[in-house]
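Input: a single structure, listed below in structure tokens.
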Amino acid sequence: MAYTSVKISADSSSYQSQMKSAASQMKVLSAEYTTAATKAKLFGSETDSLKAKAESLTQKITVQKGIVQLNSEQQEKLTKKLSEQKTKQEELKGKIDAAKEAYAKSTEETGKNSEQSKALKEELDKLEQEYKANETAIGKTETALANQTVKTEKSKTALMNMEAELKTLRHTESGEKFFRPETQEVFPAEDYQ
């Protein structure tokens, strides 16, 4: 089985490109496993087939751990962004209340058409528009966060399934022969528990 680089690059410019890269790596690993498994079935032994499957699962688990990490990091970013947006919303609400009070006082003292009142009204309108825009942004971030949470949980589930499959493979009759003490350097037991 050819060696495939399974590291997730932290230098990638965005979450989307990193996820595409990870998905591509998974496809390559699956294709390589299919070839190795077929070769082992046609020309090798059960041990060769077991080895191909174990190597493939080990590499897939490495990639999947990277995917889980990327998804978790993106979820944390969205959580932080949402918190910041909500804090800004509270600040804007306070500014709007103060601007309304100042405008009401100005219209009472100088009239609705005075320069001061017009300037305060303009500032109030600007703050209200900013408030509405931030409210829309909060809704979009909440939706993105919910979707990201689903992706994170699904990637964790996929990782657990791969780890369980490897553990099951280890405890088959042929797996017990293959994963014996002399192969521990290549396939350490802690990786397959």
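Read-outs: derived from the displayed coordinates by stated rules, not from any lab. A quick note: this is a predicted structure, and the numbers were derived from the prediction, not measured. Methodologically, a virtual Cβ is constructed for each residue, glycine included, from the backbone with ideal geometry; neighbour enumeration extends over all protein chains shown.
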Exercise for the section: Could you run the Karplus curve 6.51 cos²θ - 1.76 cosθ + 1.60 with θ = phi - 60° over the range 157-173 and give me ³J(HN,Hα) per residue in whole Hz, x for Gly and Pro? Expected result: 5, 4, 4, 4, 5, 5, 5, 5, 5, 5, 5, 4, 4, 5, 9, 7, 4
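Can you give the FRET efficiency to the nearest 0.05 for Glu73 and Lys27, using r as the Cβ-Cβ distance and R₀ = 35 Å?
Numbers: r = 23 Å, r/R0 = 0.65.
Calculated value: 0.95.
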Exercise for the section: Starting at the first residue of the range 34-39, write each ³J(HN,Hα) from the Karplus equation 6.51 cos²θ - 1.76 cosθ + 1.60 with θ = phi - 60°, in whole Hz, x for Gly and Pro. Expected result: 4, 5, 5, 5, 5, 4
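From the Cα gyration tensor of the range 1-146, with a ≥ b ≥ c the square roots of its eigenvalues, which class applies: rounded if a/c is under 1.5, or else prolate if a/b is larger than b/c, or else oblate? Working shown, then result.
Working: a/c = 6.68, a/b = 5.73, b/c = 1.17.
Judged from the Cα gyration tensor, the range 1-146 comes out prolate (a/c at least 1.5, a/b above b/c).
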